[in-house]
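Notes to accompany the following structure.
The values are calculated or read from the model by the stated rules, or taken from the named source; none is laboratory data. Not measured: the values here are computed from a predicted model. For neighbour counting, all protein chains shown are included, and Cβ atoms are generated from backbone atoms with ideal geometry for every residue, glycine included. Side chains included, ligands, DNA and RNA excluded: accessible areas come from the protein's heavy atoms. Shrake-Rupley method; radii C 1.70, N 1.55, O 1.52, S 1.80 Å.
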Amino acid sequence: MSFTAKDVLWACRTALLDANNTRWTLEELRVYLNAGLKEIAFHKPTAVSENTVIDLNEGTYQELADGSQLLRVVRNITAEGPPRVAGKNITPIDRSILDSQVPGWHQTSVVPFSATVTHVMTDEMNPRVFYVYPGNTGLGKIEAIVSTVPAPVAAPADPLDIDQYSAAIDLPDLYENVLRDYVLYRAFQKDVDVPGAAQRSTMHQQNWMSALGMRQQVEMLANINTDTK
């Protein structure tokens, strides 16, 4: 089940002891909520990921048209479905290996371009860019796992009515508490001159950052593709 903006805002205003949204308006909390969605996507790219088919451009250099980061390339796709018709699997490779063993591999005169990808290389300096080997003819398609940014919660017709904040949050349920902590961190940050507010802001900031860090560790341990020997 998904959770809604109302679920988060209701819990936050209760924690803030501001049931009538006098000190923190719902619109203000909505702004914090949307900022939290971006922060979660930035710090935890797998929070919102999807399997998608990417149409490749001609050559070795490729760039995501949609999505914020390429997480993994899975396979070639010979026909889109449903169901998708899968082709050859794709394996990652260190670019330095190709650079040393196949100099000039970016050129079709050295390695003929193909619609089928054998290897893929990503670049940590630009997570939206990747390279394919051999260079593509521009006719290839691949299936990949891509990180996206959650859709922001739009302002309702009546921003004072909490029941109108019924939009579903584009995150799995397990991130609801993380998002609440982020909103509370920002809300208490507004009152840093009020005794105790700075400490509560820091506490909630540490909570949401710690939760994301712990989640990353859990996913690494549970990843069947990770060699734990």
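Key figures for this structure:
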item	result
Spatially proximal aspartates and glutamates relative to Lys190 (Cα-Cα < 16 Å; intrachain offsets below 8 disregarded)	Asp18, Glu27, Glu28, Asp181
Under 12 Å from the Cα of Lys44 - aspartates and glutamates, other chains or at least 8 residues apart	Glu219
Bridge type composition, the stretch 24-155 - antiparallel percent by DSSP, nearest 5	90 percent
Potential lengthening between Tyr61 and Val110 on full extension [0.36 nm per residue; Cα-Cα distance subtracted]	16.1 nm
Whichever lysines have a C-alpha closer than 25 Å to that of Lys141, once near sequence neighbours (fewer than 8 apart) are set aside	Lys88
Rounded percent of accessible protein surface that carbon and sulfur make up, the chain, 1.4 Å probe	53 percent
Per residue accessible area in Å² of the chain, where ligands, DNA and RNA are left out and the probe is 1.4 Å	56 Å²
Of (1) 44, 19, 15; (2) 26, 21, 16; (3) 33, 22, 18, the label for semi-axes √(5λ) of the Cα gyration tensor in Å derived from the coordinates	(1)
Burial order of peptide ranges 205-211, 85-91 (average beta-carbon count within 10 Å, highest first)	205-211, 85-91
Dipole axis of the chain (+1 Lys, Arg; -1 Asp, Glu on Cβ), positive-most option in Ala47, His119, Leu139	His119
Computed E for Ala155/Thr52 - FRET, C-beta separation, R0 45 angstrom, nearest 0.05	0.95
DSSP bridge pairs, the chain: antiparallel proportion in percent, nearest 5	90 percent
Dipole magnitude of the chain about its Cα centre (Cβ charges: Lys, Arg +1; Asp, Glu -1), debye to nearest 20	420 debye
Amide hydrogen neighbours beyond the local backbone of Arg72, cut-off 5 Å, H modeled	Ile145
